[in-house]
C-alpha cells in the first residue's frame, strides 16, 4: 500500500520538476533581466515548499514499503527521490542565495547567467525524480 502512494508522490515530484525545466524556465528566460528575476524569486519560494515536501513524503513512503515488503528496490527509489535534498542544499543553494540577494533593479547579465545555471542544475532534480519513478515502477512489477 505504501508503494502505490510512493509512486504517485514521486510522479508528482517529477512532473513538477519537468514542468519547471521544460516550460517555466524557458519562459522566464525570454523576459528582460529584472522581470526574469522578479518571476524567479516567488516561483522558487513556492516550488521549494512543494518539491521539498513531495521528496520527503515519497522517501518516507518508499522506505515504509521497503520495510514492509523487504524489497530493497523500494528503498533505492526512496533514496533517489530524497537525494534531491542534499543536491539542492549543497549544489543549487549557493546559486539560489546569490539570486535571492540580488535586488531587482540590479539584475544584469550576471543575474541571467545565474538563472541559466539554476535551470541546468534543476534538470538534475528532474532526472533524480524520474529515476525514483522508474525504480518504484520496477518494484511494483
Item to check | Degrees separating the helix 2-19 axis from the principal Cα axis of the chain, which is the longest one | outcome: 20 degrees
Checklist entry - Taking a point 7 angstrom from the Cα of residue 34 along the C-beta vector, which residues in region 82-119 have backbone N less than 16 Å away? => result 102-112
Next on the checklist: Between region 102-141 and region 58-97, what is the separation of their alpha carbon centroids in Å?
Outcome noted: 16 Å
Next on the checklist: Between helix 109-140 and the chain, what is the angle of the helix's C-alpha long axis to the longest principal axis, kept within 0 to 90° and rounded to the nearest 10?
Outcome noted: 10 degrees
Next on the checklist: At 7 Å along Cα-to-Cβ for each site, give me the label-to-label distance between residue 141 and residue 98 in nm.
Outcome noted: 4.2 nm
Checklist outcome for this item: From DSSP H assignment alone, runs of 4+ in the chain each adding -39500 (n - 2.57), the sum over residues rounded to the nearest 500 puts [θ] at 222 nm at -27500 deg cm²/dmol
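Using 0.36 nm per residue of separation minus the Cα-Cα distance, give me the extension gain between residue 108 and residue 22 in nm, one decimal. Please report the intermediate quantities before stating the final value.
Working: separation 86, 0.36 × 86 = 30.96 nm, distance 2.34 nm.
Full-extension gain reported as 28.6 nm.
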Next on the checklist: Angle check, please: helix 72-82 long axis (alpha carbons) against the longest principal axis of the chain (alpha carbons), in degrees 0 to 90, nearest 10.
Outcome noted: 20 degrees
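Rule-based calculations on the coordinates, nothing more; no lab input. In this text the structure is predicted, and so the values were computed from the model without any measurement. All Cβ positions, even for glycine, are placed from backbone atoms using ideal geometry, and neighbour counts span all protein chains on display.
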